[in-house]
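The values are calculated or read from the model by the stated rules, or taken from the named source; none is laboratory data. Note that the coordinates shown come from a computational prediction; the quantities given were computed from them, not determined experimentally. Cβ placement follows ideal geometry from the backbone for every residue including glycine, while neighbour counts extend to all protein chains displayed.
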Amino acid sequence: MKKTVVAHIAIMVIAVALGSLLASYLIDQQNQISVNRDKLSTAPLGGFNKFASDVQWMLFVNYAGGIDCVEKPEAEEIYKRLNAILANDPDLEIAYNIGGMMISNSDPVKSAEIFMRGAYNQNLKNNWQIPFSAGFVLDRYVTDKDDPDRLKKAEDMFRLAASRAGDNAPYITSALLKVRAKRIAEKGKWSGIQVVNDEHALLCAMFDEWRKNGGTADAAQPSDSMNIPDLKDRLLRAAQNAKASDPTNKNILDTLAKVMKVVSEDQHLCGNCLSPYAAGDKFCGQCGTAVVVFAVCPKCSAVMKGKFCSSCGSTDKTK
Ligand SMILES: [Zn+2]
Ligand SMILES: [Zn+2]
């Protein structure tokens, strides 16, 4: 008799244990199928959340069409409605795009929050406009007083947008580099050098990106870098602009020295205006400054085209 009671209890315990294992397995499965389940509203809609959000969205459009301007009170109402819509359908891209844009002026912090929520939604991970808008609002409209981390967040958002957009939107790269430059300017120092102006900061930002890309324009991409078209040309232009902004500033010249040492290894650049010049050139074609002549025959000074001088037949022993 006692034995059967023990057996019963044992079976019950095992059953409960198996049941909870099965339950957690099923929840895992469910979460895989429906990624946003835990973010959905718990309102008793009997699974009609999507339908409810569609109705709410129509009402929202109707409301938005009826207001003349978006000031603080309207922004609050819009934000409230957006939250209700997104609680029922977190994947409604248009709600992030339109809603976030509508309140970007009157309540940039909440606008950025909406955009960032959309940007981090895994079901919308192919959408680059949402993170770009988030970065844009954080960069242009949110102030340091609102959020001291806004530039860092903006940079993250632009990076996310750039990784999703591929080559489709080169202006994302420009926006990203400008935000990086602002962060460098805010910090005031770069590689131990005092940053003196915006052009200088942009040069530093671009050089950082260059180094991240492995120092060449088309090297294998490390994971946190992105393919910036014409990075080398942009870097040279940034260097020229930085120099032109304050030609005798020691901090800028120090930075240029660092940049040029790495970047111009395979290219000869005029020491004055940083334009590239060709083998045999004695003066810069852009500014007329004397340059260090390279790749000429040590005997007759003709431009060397190969191992031997094509004018006098002597060989360049340095090669
Ligand atoms: Zn020059
Ligand atoms: Zn020669």
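Give region 126-160 a look and list any residue that's among the polar types (S, T, N, Q) and within 25 Å of residue 212 (Cβ to Cβ), or say none.
First pass over region 126-160, keeping only residues among the polar types (S, T, N, Q): 126-127, 129, 133, 143.
Once the filter is applied, which keeps residues that are among the polar types (S, T, N, Q) and within 25 Å of residue 212 (Cβ to Cβ), region 126-160 yields 126, 127, 129, 133.
Looking for something more than 30 Å from residue 162 (Cα to Cα), surrounded by 13 or more Cβ atoms within 10 Å (Cβ to Cβ), of a type in the set (Gly, Ala, Ser) and modelled with pLDDT under 95 - is there at least one such residue anywhere in region 64-81?
yes
Regarding residue 306, is this residue surrounded by 11 or more Cβ atoms within 10 Å (Cβ to Cβ), within 16 Å of ligand 2 (Cβ to nearest atom), in a loop (DSSP other than H, G, I, E, B) and among the small types (Gly, Ala, Ser)? Even if it seems obvious, please write down each step before you answer.
Working: surrounded by 11 or more Cβ atoms within 10 Å (Cβ to Cβ): no; within 16 Å of ligand 2 (Cβ to nearest atom): yes; in a loop (DSSP other than H, G, I, E, B): yes; among the small types (Gly, Ala, Ser): yes.
Taking the combined requirement at face value, the residue does not satisfy it.
Only residues that are over 30 Å from residue 121 (Cβ atoms) and either in the same structural domain as residue 88 (by TED's automatic domain parsing) or not hydrophobic (A, V, I, L, M, F, W, C) (or both): list them for region 4-34, please.
At the first step, the residues of region 4-34 found to be over 30 Å from residue 121 (Cβ atoms) are 4-21.
Selection gives 4, 8, 19, 20.
Do we have any residue at all in region 265-286 that's part of a loop (DSSP other than H, G, I, E, B), surrounded by 13 or more Cβ atoms within 10 Å (Cβ to Cβ), within 16 Å of ligand 2 (Cβ to nearest atom) and not assigned by TED's automatic domain parsing to the domain that holds residue 198?
There is at least one residue in region 265-286 that is part of a loop (DSSP other than H, G, I, E, B), surrounded by 13 or more Cβ atoms within 10 Å (Cβ to Cβ), within 16 Å of ligand 2 (Cβ to nearest atom) and not assigned by TED's automatic domain parsing to the domain that holds residue 198.
Kindly provide the set of residues from region 183-197 that are more than 21 Å from residue 263 (Cα to Cα), in contact (Cβ under 8 Å) with a residue 40 or more places away in the chain and of a type outside the set (S, T, N, Q), ordered by number.
196
Given the structure, is residue 96 surrounded by 13 or more Cβ atoms within 10 Å (Cβ to Cβ), free of Cβ contacts under 8 Å to residues at least 24 places away in the same chain and in the same structural domain as residue 142 (by TED's automatic domain parsing)? Quick ask: steps written out before the conclusion?
Working: surrounded by 13 or more Cβ atoms within 10 Å (Cβ to Cβ): yes; free of Cβ contacts under 8 Å to residues at least 24 places away in the same chain: no; in the same structural domain as residue 142 (by TED's automatic domain parsing): yes.
Answer is no for this residue.
Considering region 99-118 alone, what residues qualify as being in a helix (DSSP H, G or I), among the charged types (D, E, K, R) and either in contact (Cβ under 8 Å) with a residue 12 or more places away in the chain or outside the structural domain of residue 149 (by TED's automatic domain parsing) (or both)? Before the answer, list the steps.
Going residue by residue through region 99-118, those that are in a helix (DSSP H, G or I) are 99-102, 108-118.
Among the residues that remain, those that are also among the charged types (D, E, K, R) are: 110, 113, 117.
Answer for region 99-118, where residues must be in a helix (DSSP H, G or I), among the charged types (D, E, K, R) and either in contact (Cβ under 8 Å) with a residue 12 or more places away in the chain or outside the structural domain of residue 149 (by TED's automatic domain parsing) (or both): 110, 117.
Kindly indicate whether any position in region 241-261 is exposed (fewer than 12 other Cβ atoms within 10 Å of the Cβ), part of a loop (DSSP other than H, G, I, E, B) and of a type in the set (A, V, I, L, M, F, W, C). So that I can check it myself, show each step before the final result.
Kept after step one, since they are exposed (fewer than 12 other Cβ atoms within 10 Å of the Cβ), are these residues of region 241-261: 247-248, 250, 257, 261.
Now restrict to residues that are part of a loop (DSSP other than H, G, I, E, B): 247-248.
Now drop any that are not of a type in the set (A, V, I, L, M, F, W, C), which leaves none.
No - not one qualifying residue is present in region 241-261.
From (1) surrounded by fewer than 22 Cβ atoms within 10 Å (Cβ to Cβ); (2) touching a residue at least 40 places away in the same chain (Cβ under 8 Å), pick out the condition that doesn't hold for residue 171.
For residue 171, the exception is condition (2).
Could you say whether any residue in region 43-63 is at pLDDT below 80 and surrounded by 13 or more Cβ atoms within 10 Å (Cβ to Cβ)? Walk me through it before giving the result.
Of the residues in region 43-63, the ones at pLDDT below 80 are 43-47.
Those left that are additionally surrounded by 13 or more Cβ atoms within 10 Å (Cβ to Cβ): 45.
Scanning region 43-63, I find at least one residue that is at pLDDT below 80 and surrounded by 13 or more Cβ atoms within 10 Å (Cβ to Cβ), so the answer is yes.
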